[in-house]
């Protein structure tokens, strides 16, 4: 895979994959603007979250997704409509004729990651570091037993990062294939044996770990930050 920077950050070629990273703890005025983009269903989902910080981050993640989709499609953010395929994977509804835009999104803690491609299924996952992380979380993860043993043997200073690398690789692949996370946990398929797919590690910032999965081939992957 290679990187290719274009003058227009939203100009997608057939062999491009665009990744956007965004922080979700944004000012209240920004939250107000993003809230105005959301559908009644999204607003209802936000209202059901118990903590205000989680509600604000959910609104930010969904509103930013709509802004990014707007820039790729030309449709105003508040008019973007989503649907889902047979696996429950989100899709853009009412795309302009001839635009086969695929996307995937993940958010965890104060960060979100978004991936866009033309006519190619992509999966992305990002996970926040946890200050209370311990070996019990690895043991309870339902990862294959031999992998759990290897993770527990890793130096303590890198154990959480190693665990998140393995987890996000599986989660991103599950989202790209539509097969579900259980397919790649204990007793399931080793991601390394899943023919036809490849992965790319997201930049590690503030301890966050992420993975992008796309079909096997030559891709130009660009990774940019959205907002301040």
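The values are calculated or read from the model by the stated rules, or taken from the named source; none is laboratory data. Computed from a predicted structure; not experimentally measured. Glycine gets a Cβ as well: all are built from the backbone with ideal geometry, and neighbour counts include every protein chain shown.
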Original post:
So which of 121, 139 ends up being closer than 28 Å to residue 73 by Cβ, surrounded by fewer than 22 Cβ atoms within 10 Å (Cβ to Cβ) and in contact with a helix residue (DSSP H, G or I) (Cβ under 8 Å, 6 or more places away or on another chain)?
Top reply: 121
Subject >> Test set (1) at pLDDT 95 or above; (2) under 19 Å from the mean Cα position of the chain (by Cα) - residue 43 fails condition number >> reply: (2)
Original post:
Do any helices (runs of 4 or more DSSP H) entirely within the stretch 128-228 hold 2 or more residues that are under 15 Å from residue 106 (Cβ atoms) and at pLDDT 95 or above, and if so, which?
Top reply: 156-177
**OP:** Scan the stretch 85-121 for residues that are farther than 22 Å from residue 24 by Cα, touching a strand residue (DSSP E or B) at 6+ places or on another chain (Cβ under 9 Å) and assigned to a loop (DSSP other than H, G, I, E, B) and report the count.
**Re:** 9
**OP:** Please give the number of the condition residue 101 fails out of (1) in contact (Cβ under 8 Å) with a residue 12 or more places away in the chain; (2) farther than 30 Å from residue 11 by Cβ.
**Re:** (2)
Original post:
Which ones in the stretch 55-72 are in contact with a strand residue (DSSP E or B) (Cβ under 9 Å, 6 or more places away or on another chain) and closer than 13 Å to residue 9 by Cα?
Top reply: 68, 69, 72
Original post:
Of all the residues that make up the stretch 171-181, how many are touching a residue at least 12 places away in the same chain (Cβ under 8 Å) and farther than 10 Å from residue 123 by Cα?
Top reply: 2
